[in-house]
Structure formats: C-alpha cells, structure tokens
1. Could you check how many residues of segment A:221-252 are within 21 Å of the chain's Cα centre (by Cα) and in a loop (DSSP other than H, G, I, E, B)?
2. Evaluate segment A:209-216: report whether one residue or more is within 16 Å of residue A:99 (Cα to Cα), touching a Leu at 6+ places or on another chain (Cβ under 8 Å), open to solvent by less than 90 Å² (accessible area, probe 1.4 Å) and touching a residue at least 60 places away in the same chain (Cβ under 8 Å).
3. So which helices (runs of 4 or more DSSP H) are wholly in chain B and hold at least 2 residues that are away from chain A (no Cβ under 14 Å)?
4. Given A:62, A:49, which one is in contact with a Pro (Cβ under 8 Å, 6 or more places away or on another chain) and not in a loop (DSSP other than H, G, I, E, B)?
5. Tell me the residue from A:184, A:157, A:163 that is surrounded by 17 or more Cβ atoms within 10 Å (Cβ to Cβ) and in contact with a Pro (Cβ under 9 Å, 6 or more places away or on another chain), please.
6. Can you name every residue in segment A:167-177 that is hydroxyl-bearing (Ser, Thr, Tyr) and open to solvent by 10 Å² or more (accessible area, probe 1.4 Å)?
7. Go through segment A:99-126 and count every residue that is farther than 15 Å from residue A:17 by Cα and either free of Cβ contacts under 8 Å to residues at least 60 places away in the same chain or among the β-branched types (Val, Ile, Thr) (or both).
8. Within segment A:110-144, how many residues are among the small types (Gly, Ala, Ser) and surrounded by fewer than 19 Cβ atoms within 10 Å (Cβ to Cβ)?
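The values are calculated or read from the model by the stated rules, or taken from the named source; none is laboratory data. Since this is a predicted model, take the numbers as computed values, not measurements. Backbone-built Cβ (ideal geometry, glycine too); neighbour counts: all protein chains shown. Heavy atoms of the whole protein, side chains included, go into the accessibility calculation; ligands, DNA and RNA do not. Shrake-Rupley method; radii C 1.70, N 1.55, O 1.52, S 1.80 Å.
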Amino acid sequence: MAAPETCVPAILEIADDCLILGHRLSEWCGHAPILEEELALANMGLDLLGQASALYAHAGKLEGKGRSEDDFAFLRREREYRNCLLVERRNGDFAHTMLRQLYFAAFMQPFWRTVAATSSDETLRGIAAKAEKEMAYHLRHSGEWVIRMGDGSDESAARMADAVIELHRYTGELFMASPARAAAIADGLLPDPDTLRAEWDETVATVFNAAKLELPEIRVMQKGGRDGNHGEDMGHLLAELQFMQRAYPGHTW
Amino acid sequence: MTDKHDLTPLWEVFIRPRNGLHHRHVGSLHAADSALALQAARDVYTRRGEGNSIWVVRSSDIAASDPSFAEPNFEPADDKIYRHPTFYDIPDEVGHM
C-alpha cells in the first residue's frame, strides 16, 4: 500500500535530518584529523545523503506535484526545512562531531529497524532495510570514538564533556512527534519516536558508562527544527549547500 | 607533544574477497587499537565491495625476512626446476589440477 499524500511532510522531516547531517559530515572533507577518519566521515556523509535522496524521491512521488529530490534539497527556504536542531549543530571539534553522530545513530538505527519491520509503505520498508545497516555502522563507529575520547587523555575527556554539555539538550527533539509526524504514525507509516526512547537511553548509557562520561540533567530540551525554527548556523549551512543551484539554476554535472 | 604515530601505530590490513579464498594483504593504516583499525580498514579498503572479511595485525608484530639475506634465502631454489611439477603428462580425464 502506498502512503497517502498527507504523509509527505513527515517523510521530509526525516529526509531533512539525513541531508543536513550528511552535509555537516561533508564539511570535514580535507579537515579530518587522520586520513582514515577522513574517509570514515565522508562514507557516513554519503550514507546519509543516499538516504535523503531516496526519501526525497519517494516524497516527491507521493506528493505528485513533480518536485524532484533536487527541488527538495536545494530549492526550499530555511523555514521549509524541518530537520531537528541536533543535525544542524556545527561540527565543532572531533568530539562534538562524534557525539552528535552517536546521538543521531542511536536513534535512527532502531527507528529504521522498526520502519523496515512495521511500516505500511513498501518503499519506506525498502529504504529502511538498507539504512538500518548503515546506521548500525555509524553507531558503532561513533560509539567507539566517544568511548576512547571520554576515557582517553585529560584533553580528550574535557572535550567530550564539553560536547555533552553543548549537545545533549538537542536530543529531546528526536522523540517529539510533530503534527506532521502524528499523521504518518496514525497511518502506520512511521513509528512513534517516543517508543524508541528506552532503547536510545540504554545505548547512550552503555557508551557513556564505558566512556566515563556523566549524563547531564537537562531541564528544558531545545526544539524548533520541526517547525522550521532553526539556529543561526542553518542559514550559513544552506548558503553553502544551495549555492550552485541558486547561482546556476537547473545546472547539472 | 606526543607524536601522533605513537598513539596510532601502523596496522597491516588483509581482506578476503569471497568465501573460499584466502585473505590477501591490501595495504596498511594507522589506528589506536584493533577495534578502530578494523573500522578504518572497512572505511579505507572495502568501499567498492572488495571483501567480506577483514584481518588487521600490528605491523610491528610481523617478523620479516632480512632483505640483505635474500640471496642465501632464495637463490638456492632458482636452479631446482625439478621442484616444479611441469615434467608430468597429465591425463585429460584429470581435468584441472
């Protein structure tokens, strides 16, 4: 069964998460601490870009207005992007980047696993089956680094602790279902993100325990991305992401 | 400051392209420990579907023959052509050996 058109905004939320985080990882190109990690970051970025591409194409088809994946990726305005705030946070140092990846992957792996097993939409089940394996790797890779930096030198431990203080407050939004998402949940297209919280908590706690990191107590979680209210870094990110299509409309490689 | 390569020593990477074949040396990389070396090997050497199994071993754990002793090691085999099984007529029924 194909999903109804009302589910398009919910699919775009997830596609935007993948596109924006994939773009953030691509910013590491040429700047990674070692060659091996340069390739790892680019690989993960490409995984996410591939997921975004498949989701945009599917959303365009369901919408039926002839919008292509490029239209979604490059030709919307900032407020129209509905990614969560976590994925747009700037790369910071390597500790920030790896912690952001851990937080996201710890959510997305069970998310895709659930979509693959339960979604009413066949195309989404296919995308999910592939994406789950990719996110399992992201989770393992980022987790190993968080453990090594958290339980590493004084310098690396301090940087990891800073990253936790900076980024943990953006994790709450992963579990909030926007009105757009609620429609897709009701249609059996996507799982309720709140049902994935226990597994995320356990995954993150296991890594933090091994990394000797403290889980912070966050009173108020940051949110807004799902309403199109982004942080100030988002405009800069989009300026770079969209430059070619804005300067040379319709340009192809 | 500690040299980066003290923290991330060299590892040799072996990839098995398919079940039934043996692992082949494909190159080397720097990594802090075996878990990260396996991940780096996956990212550096299996991006185009090159394999389904990876081994890594610390380069310093490999004992190598002495290049200056190459002649005593290997030249004595050069004139012992009878060790190559090329003098036998193999019956057609045997097929590939």
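1. 9
2. The answer is no, given that none of the residues of segment A:209-216 is within 16 Å of residue A:99 (Cα to Cα), touching a Leu at 6+ places or on another chain (Cβ under 8 Å), open to solvent by less than 90 Å² (accessible area, probe 1.4 Å) and touching a residue at least 60 places away in the same chain (Cβ under 8 Å).
3. By residue number, B:70-74.
4. A:62
5. Testing whether each residue is surrounded by 17 or more Cβ atoms within 10 Å (Cβ to Cβ) and in contact with a Pro (Cβ under 9 Å, 6 or more places away or on another chain) leaves just A:184.
6. Kept after step one, since they are hydroxyl-bearing (Ser, Thr, Tyr), are these residues of segment A:167-177: A:170-171.
Answer for segment A:167-177, where residues must be hydroxyl-bearing (Ser, Thr, Tyr) and open to solvent by 10 Å² or more (accessible area, probe 1.4 Å): just A:170.
7. Residues flagged as farther than 15 Å from residue A:17 by Cα and either free of Cβ contacts under 8 Å to residues at least 60 places away in the same chain or among the β-branched types (Val, Ile, Thr) (or both) within segment A:99-126 amount to 9.
8. At the first step, the residues of segment A:110-144 found to be among the small types (Gly, Ala, Ser) are A:116-117, A:119-120, A:126, A:128-129, A:131, A:136, A:142-143.
Adding the requirement that they be surrounded by fewer than 19 Cβ atoms within 10 Å (Cβ to Cβ) leaves A:116-117, A:120, A:126, A:129, A:136.
The qualifying residues number 6.
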